[in-house]
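See structure below.
The values are calculated or read from the model by the stated rules, or taken from the named source; none is laboratory data. Fair warning: this is a prediction, and the values are worked out from it, not measured in the lab. No Cβ is skipped: glycine too gets one built from the backbone with ideal geometry, and neighbour counts run over all protein chains shown.
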Amino acid sequence: MRIMIALLSGALFGAGLAISGMADPMRVRAFLDLFGAWDPTLAFVMGGAIVPMALAWMVHKRIERPFADKAFALPETRAIDGKLALGAILFGVGWGIGGLCPGPAIASLALAPGAVAPFVLAMLGGIAIHRFTTQ
């Protein structure tokens, strides 16, 4: 059951990324080009995500546990430290250079695998390096 929920959730998320244009690196770069040919479309996509997320937090407060798990998986800390700041900087630089972040990159494998594969391989390499150096 959990695998089916995860598959359905991932497919819905990927479809949303593709439909909204978040999986299009050129649209992302145009969104980040504040002093050039700025495209505000993704601001509306991100703003539109606020409503369902607010509803999700309201539901979360009212239920004891999620439907398909024993407990909610929430961050254990809210501290902003050097590791978090460095990760955010690396994420932003990668997003700006590649025009993709992890979710849209995986979704883009279905749309343009040849163009996105180097980004996904580099992303997986970075994940592996992090796993092996922080244990």
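Looking at the stretch 1-93, what helices (runs of 4 or more DSSP H) fall wholly within it and have at least 3 residues that are more than 22 Å from Val120 (Cα to Cα)?
Numbers: elements: 2-20, 25-32, 41-48, 50-62.
Counting at least 3 such residues, we get 2-20, 41-48, 50-62.
Mind listing whichever residues of the stretch 1-18 are over 13 Å from the mean Cα position of the chain (by Cα) and either modelled with pLDDT under 85 or not hydrophobic (A, V, I, L, M, F, W, C) (or both)?
Passing the criteria: Met1, Arg2, Ser9.
Identify all residues within the stretch 87-107 that are buried (at least 17 other Cβ atoms within 10 Å of the Cβ) and out of contact with any Phe, Trp or Tyr (no Cβ under 8 Å at 6 or more places or on another chain); write none if there are none.
The first filter runs over the stretch 87-107 and keeps only residues buried (at least 17 other Cβ atoms within 10 Å of the Cβ), leaving 94-95, 98-101, 104-107.
Result: Gly94, Trp95, Gly99, Pro104, Ile106.
Residues of the stretch 47-62 being without any contact (Cβ under 8 Å) to a residue 12 or more places away in the chain and either of a type in the set (D, E, K, R) or touching a Phe, Trp or Tyr at 6+ places or on another chain (Cβ under 9 Å) (or both), which ones?
Taking the stretch 47-62 and keeping what is without any contact (Cβ under 8 Å) to a residue 12 or more places away in the chain, we get 47-59, 61-62.
Those that are without any contact (Cβ under 8 Å) to a residue 12 or more places away in the chain and either of a type in the set (D, E, K, R) or touching a Phe, Trp or Tyr at 6+ places or on another chain (Cβ under 9 Å) (or both): Lys61, Arg62.
Provide a single number: the residues in the stretch 1-31 that are under 11 Å from Leu42 (Cα atoms) and not aliphatic (A, V, I, L, M). Give the steps one after another, and end with the answer.
To start, the set of residues in the stretch 1-31 that are under 11 Å from Leu42 (Cα atoms) comprises 17, 20-24, 27-31.
Imposing the further condition that a residue be not aliphatic (A, V, I, L, M) reduces the set to 20-21, 24, 27, 29, 31.
Qualifying residue count, the stretch 1-31: 6.
Residues checked against (1) more than 28 Å from His130 (Cβ to Cβ); (2) free of Cβ contacts under 8 Å to residues at least 40 places away in the same chain; (3) charged (D, E, K, R):
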| residue | (1), (2), (3) |
| --- | --- |
| Pro40 | yes, yes, no |
| Leu74 | no, yes, no |
| Gly98 | no, no, no |
| Phe119 | no, yes, no |
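Considering only the stretch 5-36, how many residues are touching a helix residue (DSSP H, G or I) at 6+ places or on another chain (Cβ under 7 Å) and free of Cβ contacts under 8 Å to residues at least 12 places away in the same chain?
So the answer is 0.
Output yes when any residue across the stretch 42-59 is surrounded by 12 or more Cβ atoms within 10 Å (Cβ to Cβ) and closer than 21 Å to Ile5 by Cα, and no when none is.
Checked against the condition, which is being surrounded by 12 or more Cβ atoms within 10 Å (Cβ to Cβ) and closer than 21 Å to Ile5 by Cα, the stretch 42-59 yields at least one hit.
Looking at (1) surrounded by 12 or more Cβ atoms within 10 Å (Cβ to Cβ); (2) closer than 21 Å to Gly10 by Cα; (3) modelled with pLDDT of 85 or more, can you tell me which one Leu84 breaks?
The failed condition is (2).
Can Gly103 be described as in contact (Cβ under 8 Å) with a residue 24 or more places away in the chain, in a helix (DSSP H, G or I) and under 17 Å from the mean Cα position of the chain (by Cα)? Write out each step before concluding.
Numbers: in contact (Cβ under 8 Å) with a residue 24 or more places away in the chain: yes; in a helix (DSSP H, G or I): yes; under 17 Å from the mean Cα position of the chain (by Cα): yes.
Spelling it out, Gly103 is indeed in contact (Cβ under 8 Å) with a residue 24 or more places away in the chain, in a helix (DSSP H, G or I) and under 17 Å from the mean Cα position of the chain (by Cα).
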